[in-house]
Amino acid sequence: MRLVFVGPPGSGKGTQAKKLAEKRGIPHISTGDILREAVKAGTPIGRKAAGIIAEGRLVPDDVMIGIIEERFAKGDCARGYILDGFPRTVPQAQALDTLTERMKVPVQAVLVIDCRDEIIVERITGRRSCEKCGTPYHVKFMPPKEPGVCDKDGGPLVQREDDQESRVRERLGGYHRQTAAIIPHYERRNLVRRIKGEAAPERVFAEIERALTALRI
Ligand code: AMP
C-alpha cells in the first residue's frame, strides 16, 4: 500500500493515516512529526524550521525534499508507506514523482480529507494540553472538569503557539494557496479519492477503507 494523505491542518488526516499504517504494518511518514522531532533535538534543520512552524508557514521545498529522500533511503518503504503532510507544494509533488519512480514504488492513491475552514478553526483553536503531563483536552468537545485545569494532576492547560486563530488562518491560507494545487497534479493520473472529514473519526476511517477496497488496495 503506497498512499498520500492530503488535507488541511485539523482535518484529522494525521490520526487516520497513523491508524491505517498501524493496521497494515507499514511506515507512517509524517513530515510534521519529523520536523517537530528535529526541533526538539536541536538539529540544524530543527533550528531553521522552529520559527517557521510556530508562525504557521511552510518550510522551504529543498529542506523538505531532503528530509523525504533521507527517510525513503531507510529502505522500509519498499513494503509500502503512508505519506502524511508531504507533498504540500507542486515542486514537492514533482520531486516525489522522481523519487518514487527511481525506487519503483509509485503512489497508488491520494486520499484528500475534506473539511470546511470554520469547522477546522473551531477544532484547532479549542485544543489545549496539560503543561505538566501533556493530556489533551478541547474546550468544547473534551473539556476538563474545571476550565483551564488538568483533571489528572491539576496542571495548567496551555495552547500550542501555532493553534492560535491567526496562525490557524495562516496555515489554512497556505493549504488553499499551495497544497490544494497538488490535487490536479494527481487528478490527471486519476489517483485522487475524496473523503468526507467532518464525520466522527471511526466513520471517516470506514470511508477510507471503503475507498481502498474499491481501488483493490
Ligand atoms: P503538520 O503536523 O503536518 O501540520 O506540520 C506542522 C508544520 O510543519 C507545518 O505547519 C509546516 O510549517 C511544517 N511542514 C510539515 N510538512 C511540511 C511540508 N511538506 N512542507 C513544508 N512545511 C511542512
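List of remarks:
- Here 89, 98, 135, 179 are placed in order of increasing Cβ neighbour count within 10 Å, fewest first, which gives 98, 135, 89, 179.
- Between the beta carbons of residue 158 and residue 90, assuming R0 = 35 Å, the FRET efficiency works out to 0.45 to the nearest 0.05.
- Qualifying trypsin sites (Lys or Arg not before Pro) in the range 51-81, DSSP loop, other Cβ atoms within 10 Å at most 12: 74
- Tilt relative to the chain, helix 61-72 - C-alpha long axis, 0 to 90 degrees, to 10: 70
- Both radii are taken from the alpha-carbon atoms of the range 60-217; with Rh as the Kirkwood radius, Rg/Rh is 1.03.
- Chain lengthening between residue 196 and residue 114 when straightened (0.36 nm per residue, less Cα-Cα): 29.0 nm
- Note on the range 37-116: along the principal axes its Cα atoms extend 35, 35, 20 Å, ordered by decreasing extent.
- Annotation: the residues 166, 129, 11, sorted from fewest to most other C-beta atoms within 10 Å of their own C-beta, follow the order 166, 129, 11.
- For a paramagnetic label modelled on residue 54 (point 7 Å from Cα along Cα→Cβ), amide N atoms under 15 Å away belong, within the range 24-39, to 36, 39.
- Segment residue 216-residue 122, length gained on full extension (0.36 nm per residue, minus Cα span): 30.3 nm
- Net lengthening on full extension, residue 101/residue 78 (0.36 nm per residue, minus Cα-Cα): 7.1 nm
- Across the range 185-191, coupling constants 3J(HN,Hα) worked out from phi with the 6.51/-1.76/1.60 Karplus curve, θ = phi - 60°, read 4, 8, 4, 4, 9, 6, 9 Hz, and Gly and Pro carry x.
- Amide H contacts of residue 150 (H built 1.01 Å from N, under 5 Å, at least 5 apart or other chain): 155, 157
- The range 144-217 and the range 1-64: distance between their alpha carbon centers, rounded to Å: 12
- A simple count of charges around residue 100, restricted to other residues whose Cβ falls under 13 Å of its Cβ and scoring Lys, Arg +1 and Asp, Glu -1, yields +2.
- Global geometry of the range 125-217, whether rounded, prolate or oblate, following the gyration tensor of its Cα atoms and the 1.5 cut on a/c: oblate
- Degrees between helix 44-55 axis and first principal axis of the chain (Cα, 0 to 90, nearest 10): 60
- With Cα atoms, 0 to 90° folded angle of helix 201-214 axis to the chain main axis: 10
None of the figures in this text is laboratory data; all of them are computed from the coordinates on show. Being a predicted model, the structure only gives us computed values, none of them experimental. Because the Cβ atoms are built from the backbone with ideal geometry, glycine has one as well, and the counts that use them run over all protein chains shown.
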